[in-house]
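Before any comments, here is the structure.
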């Protein structure tokens, strides 16, 4: 049993590290203030279902995580309860990165929930339209159309980050 | 900017601004491991102790230790021991 526990834990850590970047970014895009709690709760659900989840293919695992995150985000306030555990805050990013992160956050807030997920998957994880469609349960053509629209909106809101001499 | 270049530019911004650093990833994992997985780990530790219970009771040869164990576990000599799967209460030398 000890060996089983240790193997399961190390498999889960690999699974966590492979997916946490996307899940944390999606959680931030939905609710920046609760991003850490949403991420933690999503992976706790994954741990509870890891016996089954670990046998799925990575795209199905990712889709499961995204669905779980969405469900949690919709009722985060109801689920939230006093947490006496002291939390170590994430270290603050260096200032230019913090500025970029804040500008990206503002730009994402101009998009609706689905569109935030689509652009985060596209630009952070470099997933293609088919993969995004599979993860979000959307037709590939819809993903492409949404991306085309969002690209312009993002470029407009992030114009100060455009390369020198370039107009987005 | 052409759409292909704009895509590459946006990907660069997202990855510079939103991707977790290794330090951030470690902080999230450590928080998750110590808070969310704390309970299952404690349960696993409890199960490990329980599987060693007969062995631990065999070691309880001194009356004071035995009394403490009996009170702590709420077991009585006799049928309760049998219910716990012991073949005889020689495990507990009262």
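Only the coordinates and a few stated rules stand behind these numbers; no lab work does. Just so it is clear, the model here is predicted, and its values are computed rather than measured. Positions of Cβ are backbone-derived with ideal geometry, glycine not excepted, and every protein chain shown enters the neighbour counts.
Odds and ends about this structure:
- For region A:35-44, the candidate set comprises residues that are crowded, with 18+ Cβ neighbours inside 10 Å and more than 9 Å from every other protein chain (Cβ to nearest Cβ); within that set, the residue that is farthest from residue A:67 (Cα to Cα) is A:35.
- Within region A:119-143, tally of residues that are surrounded by fewer than 18 Cβ atoms within 10 Å (Cβ to Cβ), in contact with a helix residue (DSSP H, G or I) (Cβ under 7 Å, 6 or more places away or on another chain) and within 12 Å of another protein chain (Cβ to nearest Cβ): 1
- Pick from region B:15-29, criterion part of a helix (DSSP H, G or I) and more than 7 Å from every other protein chain (Cβ to nearest Cβ), ranking: surrounded by the most Cβ atoms within 10 Å (Cβ to Cβ): B:26
- In region A:20-34, the residues that are within 10 Å of chain B (Cβ to nearest Cβ), surrounded by fewer than 23 Cβ atoms within 10 Å (Cβ to Cβ) and closer than 18 Å to residue A:110 by Cα: A:28
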